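> Structure provided below as structure tokens; questions to follow.
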Amino acid sequence: MIYNLSCYNDMGHLMLSPYNIPSEISKFIYSKFNLYLNYATDNSNLGCRFYILKPGLSKKWTYYYGPHTINLTYDLDTFNPNKMKMLVNNIG
């Protein structure tokens, strides 16, 4: 089966769309996030969280999980040092 998914930030939560995917596919994708994502907060200390794709990485990836093909697009914020500060180098 082919899955076309999007990863995005919604009010500080990392989300996948569409939502009605099998749990093993969701777990597989979430296991990849530490490899590809950083997170930041706002400079004004309001507590905002932004998930950021690590520098130099493509926004579109294709994964193969058993007989499945997963096309994932990372629709995430771009790091802006004027408005954000990096918290850690990875999310794990």
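The values are calculated or read from the model by the stated rules, or taken from the named source; none is laboratory data. Since this is a predicted model, take the numbers as computed values, not measurements. With ideal geometry, Cβ positions are generated from the backbone for all residues, glycine too; neighbour counts draw on all protein chains shown.
> Residues being β-branched (Val, Ile, Thr) and either out of contact with any strand residue (DSSP E or B) (no Cβ under 9 Å at 6 or more places or on another chain) or in a strand (DSSP E or B) (or both): count how many of those fall in segment 1-35.
Count: 1.
> If you go through segment 36-70, how many residues are among the polar types (S, T, N, Q) and assigned to a loop (DSSP other than H, G, I, E, B)?
4
> Mind telling me which of the residues 34, 45, 89, 20 ends up being at pLDDT below 90, of a type outside the set (Ser, Thr, Tyr) and within 26 Å of residue 1 (Cβ to Cβ)?
34
> May I ask you to verify whether residue 73 is assigned to a strand (DSSP E or B), among the β-branched types (Val, Ile, Thr), surrounded by 14 or more Cβ atoms within 10 Å (Cβ to Cβ) and touching a Gly at 6+ places or on another chain (Cβ under 9 Å)?
no
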